[in-house]
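The values are calculated or read from the model by the stated rules, or taken from the named source; none is laboratory data. The model shown is predicted, which means the values in this text are computed figures rather than measured ones. So basically every Cβ, Gly included, is an ideal-geometry build from the backbone, and we count neighbours across all protein chains shown. These area figures cover heavy atoms from the full protein model, side chains too; ligands, DNA and RNA do not enter into them. Shrake-Rupley method; radii C 1.70, N 1.55, O 1.52, S 1.80 Å.
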Amino acid sequence: MAIQEKVKLSKDTKMAMGSQFLGFMLDAYDMAIVLVMAPILVKIFSSPAGSEAWRYITIVLTYSITMAARPFGSAFFGHYAR
């Protein structure tokens with residue numbers, strides 16, 4: 001069994017970890033709200049001419065596109081986060 005050394009984290013490291021956790025939680029909440037509000041968004045933003053299933057698919061596809069685009073936005077705007 002290996003002896004584990006206690007690692008002390010600096011104040012800046014603790015602050016960075018806390019802010020990353022808070023940012024992730026706010027982001028997850030933001031994206032969860034979109035899915036919870038999907039029935040309302042479907043009625044407001046989609047055409048009534050389409051089928052009900054197609055309207056829900058468009059909302060889920062929109063959600064998927066935003067999730068796929070986030071890494072690119074992070075790479076682009078992460079440069080300015082200093």
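Here are the numbers:
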item	result
Residue list for the stretch 63-79, restricted to those being among the small types (Gly, Ala, Ser) and surrounded by fewer than 10 Cβ atoms within 10 Å (Cβ to Cβ)	Ala68, Ala75
Of the criteria (1) open to solvent by less than 60 Å² (accessible area, probe 1.4 Å); (2) more than 21 Å from the chain's Cα centre (by Cα), which one Val7 fails	(1)
Filtered residue count, the stretch 14-62, keeping only those that are exposed (fewer than 10 other Cβ atoms within 10 Å of the Cβ) and among the acidic types (Asp, Glu)	0
